[in-house]
Amino acid sequence: MAPLATPPPRTGLLVIQPLRRRHCAECHAGPLQMLVLEDGAPRCLDCADLGHLVFLPRGDTALTRRSREESTLSAVVVRFNRRRGRYERQGVLVEETGLTRAEQRCLVDAEARKRRRVRDARRRAREGVRFAEAFAAEIRRLFPGCPAGRAREIAAHASVRG
């Protein structure tokens with residue numbers, strides 16, 4: 001295993017997706033898709049009493065949050081990114097019943113969350129336009145010789161988010 005370059009926050013159980021082939025130190029099963037390090041030795045999920053959990057990949061924030069709330073036991077799954085030199089979150093392991101209840105809760109308010117996302121996107125767009133206008137005005141104030149069109153172009157380019 002690579003040393004923890006930037007250790008993830010230790011708020012609960014941590015499961016690792018190894019980059020190289022690993023075998024369980026207890027039952028010698030392998031190669032393991034996911035493992036838990038106990039006393040520096042890799043253990044399979046069954047030997048670590050986590051075999052009953054299901055993997056929920058990253059991506060849906062509401063489902064992840066709710067499934068962790070509904071599950072009595074959960075674990076964060078990470079994998080080492082060699083290029084960045086750090087462990088990155090891949091998803092969570094949660095109980096299947098908790099995942100089912102979380103999916104039902106997400107279905108109930110899916111339409112409301114969709115409307116909120118659209119409303120927030122419009123608000124961010126309006127704020128972006130106001131920011132670009134204020135930025136262009138500040139450029140014109142600091143550099144009075146700059147043409148207004150050029151100041152707007154600079155502000156539009158510099159205020160793009162993401």
**Prompt:** Is it fair to say V92 is aliphatic (A, V, I, L, M), modelled with pLDDT of 90 or more, surrounded by fewer than 17 Cβ atoms within 10 Å (Cβ to Cβ) and not in a loop (DSSP other than H, G, I, E, B)?
**Reply:** no
**Item:** Cross-chain or 6+ apart pairs with Cβ under 6 Å, the stretch 115-132 first and open to solvent by less than 60 Å² (accessible area, probe 1.4 Å), then not polar (S, T, N, Q)
**Value:** A132/A155; A132/A156
**Request:** Can you confirm whether the stretch 13-27 contains a residue that is among the hydrophobic types (A, V, I, L, M, F, W, C), closer than 25 Å to T97 by Cα and open to solvent by 40 Å² or more (accessible area, probe 1.4 Å)?
**Result:** yes
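Any idea which residue in the stretch 67-89 is surrounded by the fewest Cβ atoms within 10 Å (Cβ to Cβ), counting only those that are part of a loop (DSSP other than H, G, I, E, B) and in contact with an Asp or Glu (Cβ under 7 Å, 6 or more places away or on another chain)?
Going through the stretch 67-89, the residues part of a loop (DSSP other than H, G, I, E, B) turn out to be 71-73, 82-85.
Okay, now just the ones that are also in contact with an Asp or Glu (Cβ under 7 Å, 6 or more places away or on another chain), so 71-73.
Details: S71: 22, T72: 8, L73: 15.
So the residue we want is T72.
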**Request:** Go through (1) farther than 30 Å from K114 by Cβ; (2) open to solvent by 50 Å² or more (accessible area, probe 1.4 Å) and name the single condition A41 misses.
**Result:** (2)
**Request:** Residue by residue through the stretch 131-149, note down the ones that are in a helix (DSSP H, G or I) and among the hydrophobic types (A, V, I, L, M, F, W, C).
**Result:** F131, A132, A134, F135, A136, A137, I139, L142, A148
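Going by what's in this entry, would T61 be described as over 16 Å from the mean Cα position of the chain (by Cα), of a type in the set (S, T, Y) and open to solvent by 30 Å² or more (accessible area, probe 1.4 Å)?
Values: over 16 Å from the mean Cα position of the chain (by Cα): no; of a type in the set (S, T, Y): yes; open to solvent by 30 Å² or more (accessible area, probe 1.4 Å): yes.
No, not satisfied.
The values are calculated or read from the model by the stated rules, or taken from the named source; none is laboratory data. Bear in mind the structure is a predicted one, so any value in this text is a computation, not a measurement. FYI the Cβ positions are ideal-geometry reconstructions off the backbone, even for glycines, and counts take in every protein chain you see. Only protein heavy atoms, including side chains, enter the accessible area calculation; ligands, DNA and RNA are left aside. Shrake-Rupley method; radii C 1.70, N 1.55, O 1.52, S 1.80 Å.
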